[in-house]
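To start, the structure under review is shown below, and the notes come after it.
The values are calculated or read from the model by the stated rules, or taken from the named source; none is laboratory data. Small disclaimer: the values here were computed from a predicted structure and weren't measured. Counting neighbours? That spans all protein chains shown, and the Cβs are built from the backbone with ideal geometry, glycine included. Please note that ligands, DNA and RNA were not included when accessible areas were found on the heavy atoms of the full protein model with its side chains. Shrake-Rupley method; radii C 1.70, N 1.55, O 1.52, S 1.80 Å.
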Amino acid sequence: MRGPAWPVAALLLGYPLWWALGFGGLSVVVLAVPMAVILWRRRPVRVPPGFGLWVLLIAGYLLSGLMLDEMPPGTYGELGAGRLIGYGMRLALYVAALILVVYLGNLTERELPQLRLVRMLGVLFLTAVAGGLLGVFVPGLSFTSPLELVLPDWISEHPFVQNLVHPTAGQTQKVLGHALPRPEAPFEWANAWGGNLSVLLIWFVVGWWVYGSRRRRMLAVALVAVAAVPIVYSLNRGLWIALGLAVLYLALRVGGRTRMALCAVTAAAALAFVLSPLAPLVAKRLDSPHSNDIRAFTVSATVAATGHSPVIGYGNTRRAMGSHRSITTGKTSWCPGCGHPPLGSDGQLWLLLISQGLTGAVLYVAFFAGAIRRHWADRSPIGLAGVLVMCLVLFYMLVYDGLVTPLSLYAISFALLWRNTS
């Protein structure tokens, strides 16, 4: 794409290449640089409602860096390169997300039409579905990226960095008591794949169904049916709940023939799913809530740690002493499931609490809740879809991290809402 919209096209349409190069979710940080330069040259620039809240969120995160060397009770570790790298990456992502929102809001409809932006998100949805199928059928696929090759070992081998720079098709986990692949390509981990797919599916429906031709609509139905395979094999209960909430939201927000059509399509899809070979897998997952104990432990430990620095947090995650299975730390021959769960790893809300305290959590919620309040009356397809994504952001913060790639999609969805009323 020519003109000032090229960084956005490079981010969304070029994402598979970024992933293969090892940048993946960090691509938004790279592209935020030319976006910032272009914005500087276009001064003055407009800023969205809620801009000040996100600026305060970033300022609070800078302040929380003063606590990086502190250890709350019940945790262990010392200030090292890993903690500093994680802090720096998250700070860069928060700043890049703000630049992305402002940049999109300052592009005119001629420079980047709304529908074109929505359809670029739809292309990324197709990329995610393809990556999901790859993770289901070739879960062991992984390779060393060019970025990983040039990074020093002490950086690239850090677990957080490794997830970002080492492309993998899937994660093999014993969620059902036996090894089973969970898709994650082209994102950083399985839960990120699930959350991102739901957001992209919303925009895919808008671009390919609502504003699509008859042929495009028929193709969209087939593609969504194909997407059901990795959606089920993701074993991602958060994703399944979010899809149910999305249907309920639309049923309440639309009316007349649209609501009747939605109910009919939902009923037909549910019947087709129940009769498909995918249904037993969902039943098995619902009967195997093994991760509940892990989440309960890390959430309670996170809340307890936050109580010792409730205003500004600790700048980054910490490792808990013990686990939900043992008071010891680390794996042993008699407790292979024991480990060191990072606090704040089970949802953006808990990450904000441990890293930025109650202040960061309130600012984050206020930013997205404010978007819902301002745009609730917008019943256009983009308005309905954007508010739905904002609602899912508040739901997902309880179970998924908002970083790394999800934050970029949240920012673009926020910008679509802002542009829709400009």
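Summary of computed values
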item: Selection status of Val118, farther than 21 Å from Ile382 by Cα, at pLDDT 95 or above and not small (Gly, Ala, Ser); result: no
item: Close pairs from the range 1-18: first under 15 Å from Val123 (Cβ atoms), partner surrounded by fewer than 19 Cβ atoms within 10 Å (Cβ to Cβ) and acidic (Asp, Glu), Cβ under 6 Å, at least 6 apart; result: Ala5/Glu111
item: Residues satisfying the stated conditions in the range 245-261, i.e. open to solvent by less than 40 Å² (accessible area, probe 1.4 Å) and within 30 Å of Leu134 (Cα to Cα); result: Ala246
item: Scope the range 204-227; condition within 17 Å of Val136 (Cβ to Cβ) and either open to solvent by 30 Å² or more (accessible area, probe 1.4 Å) or not in a helix (DSSP H, G or I) (or both); matching residues; result: Leu223, Val224, Ala225, Val226
item: Matching option when the condition is outside any loop (DSSP other than H, G, I, E, B) and open to solvent by 30 Å² or more (accessible area, probe 1.4 Å), among Leu57, Leu121, Leu66; result: Leu66
item: Flag for Gly238 being closer than 30 Å to Arg295 by Cβ, open to solvent by less than 60 Å² (accessible area, probe 1.4 Å) and either assigned to a helix (DSSP H, G or I) or touching a residue at least 12 places away in the same chain (Cβ under 8 Å) (or both); result: yes
item: Any hit, the range 144-156, residues being at positive phi and not in a helix (DSSP H, G or I); result: no
item: Boolean, Ala361 is free of Cβ contacts under 8 Å to residues at least 24 places away in the same chain and under 25 Å from Thr298 (Cβ atoms); result: yes
item: Residue that is of a type in the set (A, V, I, L, M, F, W, C), part of a helix (DSSP H, G or I), over 30 Å from Gly22 (Cβ atoms) and without any contact (Cβ under 8 Å) to a residue 60 or more places away in the chain, where the choices are Ala377, Ala385, Ala369; result: Ala369
item: Among residues of the range 20-44, those that are open to solvent by 40 Å² or more (accessible area, probe 1.4 Å), touching a residue at least 24 places away in the same chain (Cβ under 8 Å) and not in a helix (DSSP H, G or I), counted; result: 2
item: Output for the range 57-90, where each listed residue is touching a Gly at 6+ places or on another chain (Cβ under 8 Å) and aliphatic (A, V, I, L, M); result: Leu57, Leu66, Met67, Leu68, Met71
item: Residue in the range 181-192 that is among the aromatic types (Phe, Trp, Tyr) and either farther than 30 Å from Cys391 by Cβ or open to solvent by less than 30 Å² (accessible area, probe 1.4 Å) (or both) present; result: yes
item: Set Gly131, Gly170: member being under 17 Å from the mean Cα position of the chain (by Cα), more than 30 Å from Arg379 (Cα to Cα), without any contact (Cβ under 8 Å) to a residue 40 or more places away in the chain and crowded, with 17+ Cβ neighbours inside 10 Å; result: Gly170
item: Some residue of the range 102-118 being touching a Ser or Thr at 6+ places or on another chain (Cβ under 9 Å), in a helix (DSSP H, G or I) and crowded, with 22+ Cβ neighbours inside 10 Å; result: no
item: Residue selected from the range 1-19 under the condition of a type outside the set (A, V, I, L, M, F, W, C) and not in a helix (DSSP H, G or I), by the criterion nearest to the chain's Cα centre (by Cα); result: Gly14
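Matching residues to (1) modelled with pLDDT of 95 or more; (2) open to solvent by 10 Å² or more (accessible area, probe 1.4 Å); (3) touching a Cys at 6+ places or on another chain (Cβ under 6 Å); (4) small (Gly, Ala, Ser):
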position: Ser345; (1), (2), (3), (4): no, yes, no, yes
position: Ala371; (1), (2), (3), (4): yes, no, no, yes
position: Arg374; (1), (2), (3), (4): yes, yes, no, no
position: Ala385; (1), (2), (3), (4): yes, no, no, yes
position: Val404; (1), (2), (3), (4): no, no, no, no
position: Asn420; (1), (2), (3), (4): no, yes, no, no
